[in-house]
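Beneath this line is the structure, given in structure tokens, with notes to follow.
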Amino acid sequence: MMIRGKLLGSFLAILTTHALCFPGPLGPTFHSHGQQSQTCRSRPLTSCRAAVFDTVTVDLSDGRDYPIYIGTDFTDDQIADMLTSHIAGKKALLVTNDRIAPMYLEKYEKLVSKHKEVHTLIVPDGEEHKSMEILQRILDKALEEKLDRKCTFLALGGGVIGDMVGFAAAIYQRGVNFIQIPTTVMAMVDSSVGGKTGVNHPLGKNMIGAFHQPQCVFIDTQTLSTLPDRELQSGISEIIKYGLIRDAELFEWLEQNMDKLLARDPVAMRFAVKRSCENKAAVVKADEKEADVRATLNLGHTFGHAIESGSGYGTWLHGEAVAIGTAMAASMSARMGWIDQTLLERTYRLLEKANLPVELPLDSPMDQKSFLKYMSADKKVANGQLRLILLKGPLGNCVFTGDFEHEAMIQTIDEFVAMPGC
């Protein structure tokens, strides 16, 4: 299968940028693609051997645009200057979890402390801790340290940390700035971008939250070297999603390069992260508050969130549940004749190639009643009507609709749940 020209050119640009970094007489000389050190709003980056990085801009109204910095091998000075240039006040609260803290907390605390007063907080890791209780701890810490409205919160970690810290920033003193520093694929390609923040409720995932955009997103793909394989694969499910709903070329590239992503090839990973961020930024620009097109980013999520809630938070990683949900959405779409069998098979094949689950285990607590219970409380329900994101037409196309065959949904759920006696 041929990779289309535009996508191949973009990949080769990153490949060339990554590979060609020759020390010149006045410091490093880079190929014209990508960016070397640059000024971030106020203070110039100081390192003469700064890493090459890409910048994707989330283009919003009212001057709220913000950059997503994507690169690897950043120098300490570069990180310090990039982050603190987006901190307007004198104080910052750096929040991470107990798994990330031993690896990265000291580094980032030291770098931000070069220019700002930094306070730190470590919270428990895991989806089961994405709760009002942990949110309260973040707010308590901010109040204990007497942080004012000029402070900035920094979220160092995966999607759970990013969502909770962002929500805390949204409601602390009616809103303070925050910065995303994602350390997982899931957070890099999806949750850190776009301003969705929140915590879970026992009756539904992400049911308590707010839209609150960060000042910037800082992505150092080097942190993925310490990411467990299971979490790496979980994040890849969101990259596959972009290919299915809007970027056929990316899907085709993934079919050819999945082995490189699983092997953590730095060039392939940086390309996939950048391409995903470009897709997410374009959708957020068109529909920041998820009134329409942004909802399509939730392909597989209505089924997936039901699986997470019904199975108990922490049983499945988010991307694993979404992978099963994506398989369900594709199966339902094919059942209604909205996509052909070939696309259905390609979807399953790519998910399986990423080592993602495409079915529920026989001991799953999920049944038809559980699915319908949690799906009825989904945030995309409007006026009592459930709306789903489903595939329709050729690869790269989808619909957000409540106009689907209810029986097809029931048959799909029945196909996936563990039947009595199995």
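A few notes on this one:
- The residues listed here are 395, 362, 356; of these, the one that is of a type in the set (A, V, I, L, M), modelled with pLDDT under 95 and part of a loop (DSSP other than H, G, I, E, B) is 362.
- Restricting region 374-391 to residues that are surrounded by fewer than 15 Cβ atoms within 10 Å (Cβ to Cβ) and in contact (Cβ under 8 Å) with a residue 12 or more places away in the chain, the residue that is nearest to the chain's Cα centre (by Cα): 382
- For residue 302, the conditions (1) open to solvent by 40 Å² or more (accessible area, probe 1.4 Å); (2) of a type outside the set (Gly, Ala, Ser); (3) farther than 20 Å from residue 252 by Cβ are fulfilled apart from (1).
- For region 365-392, the tally of residues that are under 20 Å from residue 334 (Cα atoms) and assigned to a loop (DSSP other than H, G, I, E, B) stands at 3.
- Comparison of 250, 156, 224 shows that the only residue that is among the hydrophobic types (A, V, I, L, M, F, W, C), closer than 19 Å to residue 322 by Cα and more than 11 Å from the chain's Cα centre (by Cα) is 250.
- Residue match in region 262-270 (condition: among the β-branched types (Val, Ile, Thr), open to solvent by 10 Å² or more (accessible area, probe 1.4 Å), assigned to a helix (DSSP H, G or I) and touching a strand residue (DSSP E or B) at 6+ places or on another chain (Cβ under 6 Å)): no
- Restricted to region 206-247, and to residues there that are part of a strand (DSSP E or B) and not β-branched (Val, Ile, Thr), the residue that is surrounded by the most Cβ atoms within 10 Å (Cβ to Cβ) is 218.
- Yes/no for residue 278 being touching a His at 6+ places or on another chain (Cβ under 9 Å), within 26 Å of residue 161 (Cβ to Cβ) and among the charged types (D, E, K, R): no
- Beta carbons closer than 6 Å, at least 6 apart along the sequence or on distinct chains, pair a first residue in region 274-290 that is part of a loop (DSSP other than H, G, I, E, B) with a second that is crowded, with 18+ Cβ neighbours inside 10 Å for 287/294.
- Spans of strands (runs of 3 or more DSSP E) in region 60-176 with at least 1 residues crowded, with 20+ Cβ neighbours inside 10 Å, of a type in the set (A, V, I, L, M) and touching a His at 6+ places or on another chain (Cβ under 9 Å): 91-97, 117-123
- Candidates 250, 203, filtered to the one that is buried (at least 24 other Cβ atoms within 10 Å of the Cβ) and either in contact (Cβ under 8 Å) with a residue 12 or more places away in the chain or among the β-branched types (Val, Ile, Thr) (or both): 250
The values are calculated or read from the model by the stated rules, or taken from the named source; none is laboratory data. Note that the structure is predicted; figures quoted are calculated from it, not measured. As a convention, Cβ positions derive from the backbone with ideal geometry for all residues, glycine included, and neighbour counts pool all protein chains shown. With ligands, DNA and RNA removed, areas are computed over all heavy atoms of the protein, side chains included. Shrake-Rupley method; radii C 1.70, N 1.55, O 1.52, S 1.80 Å.
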